[in-house]
Structure formats: C-alpha cells, structure tokens
1. Tell me which residues, restricted to segment 115-142, are among the small types (Gly, Ala, Ser) and either more than 19 Å from LEU274 (Cα to Cα) or in a loop (DSSP other than H, G, I, E, B) (or both).
2. Name the single residue, out of those in segment 200-218 being touching a residue at least 12 places away in the same chain (Cβ under 8 Å) and exposed (fewer than 15 other Cβ atoms within 10 Å of the Cβ), that is nearest to SER108 (Cα to Cα).
3. Does SER125 satisfy being surrounded by 19 or more Cβ atoms within 10 Å (Cβ to Cβ), over 21 Å from ARG22 (Cα atoms) and assigned by TED's automatic domain parsing to the domain that holds GLU330?
4. May I ask you to say which residue of ALA244, ALA267, ALA255, ALA197 is modelled with pLDDT under 95 and surrounded by 20 or more Cβ atoms within 10 Å (Cβ to Cβ)?
5. If you scan segment 57-94, which residues turn out to be crowded, with 18+ Cβ neighbours inside 10 Å, among the basic types (Lys, Arg) and at pLDDT below 95?
6. Under 8 Å between Cβ atoms, at least 6 apart or on separate chains: pull out the pairs that start in segment 88-114 with a residue that is closer than 29 Å to LEU246 by Cβ and end on any residue that is of a type in the set (Asp, Glu) and not in a loop (DSSP other than H, G, I, E, B).
7. Consider VAL142 carefully, then state whether it is over 27 Å from ALA355 (Cβ atoms) and touching a helix residue (DSSP H, G or I) at 6+ places or on another chain (Cβ under 6 Å).
8. Please give the strands (runs of 3 or more DSSP E) falling wholly within segment 143-251 in which 3 or more residues are in the same structural domain as GLN272 (by TED's automatic domain parsing), within 23 Å of VAL316 (Cβ to Cβ) and among the β-branched types (Val, Ile, Thr).
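The values are calculated or read from the model by the stated rules, or taken from the named source; none is laboratory data. Being a predicted model, the structure only gives us computed values, none of them experimental. In this analysis, Cβ positions are derived from the backbone assuming ideal geometry, glycine residues included, and neighbour counts consider all displayed protein chains.
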Amino acid sequence: MTAVDREAIMSALATVDDPEIRRPITDLGMVGSVDIDGGRVEVTVLLTVSGCPLKTEIIQRVTAAVSTVPGVADVAVQLDVMSDEQRTALREQLRGPTKEIPFNRPGSLTKIFAVASGKGGVGKSSITVNLAVALAAKGQTVGLLDADIYGHSIPGMLGVDRPPTVVDGMLLPPEANGVRSISMLPFKPGGTAEPVAFRGPMLHRALEQFLTDVWWGDLDVLLLDLPPGTGDVAISTAQLLPTAELLVVTTPQQAAAEVAVRAGMLAQQTHQKLAGVIENMSAFPCPHCGEPTDLFGAGGGDTVASSLSQALGTEVPLLGRVPFDIRLREGGDGGKPLVSAASDSPAGAAIIGIADQLAAKKRGLAGMSLGVTPTGS
C-alpha cells in the first residue's frame, strides 16, 4: 500500500473553502490536527462556533478532498470548536484589529448601488432582490444590505433560511440564491411581527453596524434596499458610503413619478451620483389577445429620467422597464426570485438586462484616495 504523504493531505485540505467565509480552512486556522494510521486519515476541524449551521457541508468537503490523496482508504472528520483566542485571531485576520467600513478603504473596487424610491408600493425591494440574484448568476460576488430597518423584507424574498453566524462579534451573513445578505429580522426576538421602534440616531447606528460588524468578504457589488423617501437612512447611506450610486425605482404612474423625482434629487444635496432610473410594473401583454395593457399608466420612468437629467445637469438614463408580472410577486412571497424561476419571462429578461448594465459599469474614482501628495511650488 502506498504510504500517505502528510504534505499531500495538507495540500488537499488547502483546496477546501469554508462555505461561509469562502477561504481555505488551512488559511483560517480551522485544521486542528491530522492523524495518519496506514490508509486511515483522521482530520480534526475547528469550527468557528459550536452551532455552525454548515458543519455537515464542511465534513463532506474535507472528506471528498482528502479521499483523493493516493493511499487514503478511509477518512474520519472530527469536529471541535475554536477557542476565544482563536476566534479573535480569525476576526482580526478577516476584518483587521479595528472596526471600519471596508468599502471606503483606498483601492476598494466594490460597486455600491443604493436602490431608492419616493414612496412605498413601487416594487423597490422586489427589483433589488432580483437584481442581486441576476448579478450573482453572472459570476459576480454580491452582497445585499436590507437598509429598510422598519420595513425589512429581504430575507423572505431572497429565501434566507438562517440567521448570520456570530464569530467574536463579527457577523457572517447567510447566503441564499448566491447572494450574501443582512437584515434587521434575525435580531428581533419577536420575529416578523415585532416592530422596530428606533429614532433617527439608532437607525444610523444600525446601518453603520451592518457595514462594520458584518464580514462581507471581497464583493464585486453591494446593493442596499433603502426605505422609501428621503429620510434618515437615505442621508446616513450617503454619509457612510460616499461612493454609493443611487438607483431610483418608479412605476409608470405620473403621481408616483413626481415623488420618485424627489428621491433622485436628494443626490444634489448628498453629492451622490445617479446610476439611473428603473420603471417597474410597466405594460404587460394581455393573456388573451397579446395587446399591451398599461395597468399603472405610462411614461413615468421617462418623466423621472428626463426631470432628473435636466435638474442635475447630467445624463440620468432610464435603465429599463420591467413589465407587470404576477410571478414577480409570487417569487418574492416564496423566496424564489423571478430571475431564477422564470428568467425567460419578459419581466425576468428586463431585470437581467438592467443587471447587465450595472455589471458593465466601472467603479468610479469619486471618494477614493489616489495616494497622491501635493508638493509645494
């Protein structure tokens, strides 16, 4: 029998990524010990917390990787838990010794889009969730922050089925449909029915904690689902994430468009860039005759885009019109986003088209340190 090489075992373990952190368990200090007895290999894995929700997946990944090493006939995986000191070291390794917003670091390449609306009921959260899933399906690493602290709805719409894992005060966001997300919901003992009674400063603090205490990893895109209007959270987002670009969602109805313009005009005061406008609930084909039906009017998206372009003195594009589709609502209620369940539907295709445009956008230099120091004359 071929002797099992310890270095080959460690090389195999180096290919095993932690499902939540997405880095090799060897780099994270999660390999406690490796014992070799003939063709039998026993690996002790140190979990970050005793109730790790993905421990079964970790066992499967370790077993599969070690089984490929020549000479290995049997693999046993034992689980243990990191000590407080090991957890602290892991947190500092991932996040650094001090709390900061990683997206504001010099050189950050994460594109940030804050999805806003003038009023509720325009489908902003549905659009945000589906954009996130569409971007993830393109191979982007995507995070979704439910910044609607009072009216949080992202977990259910995205299909999140577990709370974040807490490691020494650091939150590892759960992932569903390829998207990492955080929301106020798992922090309420009373569940969905419990109200959030926060005043303005507490809203700001909650948003700040979601940005500093959550380990997002290396994101290509961060989406924020803002509450309707131009209140505390919208202003705090501009302060905490100065490079965030606004996406304004409206319906075709002119009354909704007028309110949506106000949400976009906030960019003038907060010095943010407008990424564009999305018209939701646009005309849909009649199921009987195929003729388009303007259930909620027409032209709202064009009105918002043109009004903002004129007022701000810059081109604000209408990124797309999403036809009314009952499956968009059904997918949200069932945690199965439309872009996954029915990507070839007119609404799904429209959202994917908008995601294509966002994925193609380059990260701007606004707010970034260029490492240039002025010199005296």
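1. Selection gives SER117, GLY118, GLY120, GLY121, GLY123, SER126, ALA134, ALA136, ALA137, GLY139.
2. Looking at the filtered set, the residue picked out is ASP218.
3. Considered against the rule, which asks whether it is surrounded by 19 or more Cβ atoms within 10 Å (Cβ to Cβ), over 21 Å from ARG22 (Cα atoms) and assigned by TED's automatic domain parsing to the domain that holds GLU330, SER125 comes out as yes.
4. Selected residue: ALA267, the only one of ALA244, ALA267, ALA255, ALA197 that is modelled with pLDDT under 95 and surrounded by 20 or more Cβ atoms within 10 Å (Cβ to Cβ).
5. Of everything in segment 57-94, just one residue is crowded, with 18+ Cβ neighbours inside 10 Å, among the basic types (Lys, Arg) and at pLDDT below 95, namely ARG87.
6. Once the first residue is closer than 29 Å to LEU246 by Cβ and sits in segment 88-114, its partners that are of a type in the set (Asp, Glu) and not in a loop (DSSP other than H, G, I, E, B) give ILE101/GLU208; LYS111/GLU245; ILE112/GLU245; PHE113/GLU245; ALA114/GLU245.
7. No, not satisfied.
8. In segment 143-251, 245-250 are the strands (runs of 3 or more DSSP E) which contain 3 or more residues that are in the same structural domain as GLN272 (by TED's automatic domain parsing), within 23 Å of VAL316 (Cβ to Cβ) and among the β-branched types (Val, Ile, Thr).
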